[in-house]
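Quick notes on the structure that follows.
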Amino acid sequence: MMRTIAVWGGAALFPLALAWSQLGSPGPRLYYNPVLAVAAMLSMSLLIGVLRRVPLLALFMMLLGCVTVVLLAGPQHQSGRAPFLPFLAVDLALAFIVATRTSRVSIAAVLLSLVVQFLTVGAFSDGTDVGSNAEMALLALATAYMVGRLIRERREHGEALRTRAVADAVTAERLRIAREMHDMVAHTIGIVALQAGAAKRVIDTQPARAREALGEVETASRETLSGLRRMLGALRQAELEKGAETAPLDEMPGLADVDRLAATTTAAGVRVDVRRRGERRPLPPEVDLSAYRIIQEAVTNVVRHADATSCTVSIDYQDEDVSIEVVDDGRGHGTTPGTGYGLVGMRERAALLHGDLTAGPRPEGGFRVTARLPLPTGVRVE
């Protein structure tokens, strides 16, 4: 309310301020004083609020004020010094309109200013100065338009870049979630398939063993279901009302959970040996999670495709990176290198961290997956 009063109060005071600035010094003047032109432009600053709200109305009032200044100047324009300087305020307003308003409003503002300025110059300039005054007015108008257009294009370009950055972030997040879901579900399905097959084979002869296998199936399924619920809960957080309380999400897995992964896979029938070299220490969350997911996916491929009885997971903690190697004794060609979402997902995880990953059969038999994940500069957690 107060802002509205200030805006329209300034518009109401503008004619009074303009008249006072031009008539405050009574008496004849042989030429128009530039100080009066500056005073006229300062009085037009009262229209800034109107310019922001109703730009064409503010521009019209400024043009009317400039014409009034020329009329009040009297016959001194016959000396060739007509007071056209206040039109600079109009040009500044025009630049603002072009920079902030639609093309239709901008074109209307340019045409209105062009017509009024050219008519004023033609009517009040000395015969010998009409051409030069018109040229100066046209240059000022063109400069104002180009400056406003440049500002507008820079702003639109910045908005386009921000929109693209948001879209890229959304796409990256969707890819990350897709990788998480693939790694989580694929590993669990592999374990469930092995345990269910083992239970089916021994259910008549070794019911206790079958019951144990079905228990592993239940545990793996519940853990995966819990992980999916966490992930879906994170996706729905953006839809919750502002200020609503949400349950904290469990921590994502990391290299500390590799031993539990190995135990689960070993219980499913494929022995997994974990070997660590170097100083074990906390890692950045994104490196820790990606390293675990790469190992999980590699072990899942061993379970599902390699027809192996054992595999070895090696984790090497170095000063500048973490190296991972997963080697099995299977057929070595269960999955063609470069195909399947699993290998693609592993390569994407490594590439996002500026690391590298290789996967392929070994000459001596089996399959090897190696990855190197560099640590951010300065990460030294003791």
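The values are calculated or read from the model by the stated rules, or taken from the named source; none is laboratory data. None of these values were measured; they are calculated from a predicted model. For neighbour counting, all protein chains shown are included, and Cβ atoms are generated from backbone atoms with ideal geometry for every residue, glycine included. Ligands, DNA and RNA are stripped out before the accessible areas are found, and what is left, the full protein with its side chains, is counted by its heavy atoms. Shrake-Rupley method; radii C 1.70, N 1.55, O 1.52, S 1.80 Å.
Cβ contacts < 6 Å: first residue closer than 18 Å to residue 304 by Cα, restricted to the stretch 195-214; second residue of a type outside the set (D, E, K, R) and not in a helix (DSSP H, G or I), any location; separation 6+ or different chain. Result?
That search, which allows pairs on different chains as well, returns 195/268.
Here is a list of conditions, (1) at pLDDT 70 or above; (2) in contact with a helix residue (DSSP H, G or I) (Cβ under 7 Å, 6 or more places away or on another chain); (3) assigned to a helix (DSSP H, G or I); (4) surrounded by 15 or more Cβ atoms within 10 Å (Cβ to Cβ), and residue 189 meets all of them except one; can you say which number that is?
(2)
What residue, among those in the stretch 5-56 that are of a type in the set (Ser, Thr, Tyr) and either in contact with an Asp or Glu (Cβ under 7 Å, 6 or more places away or on another chain) or modelled with pLDDT of 85 or more (or both), is least open to solvent (accessible area, probe 1.4 Å)?
Only one residue fits best here, namely 43.
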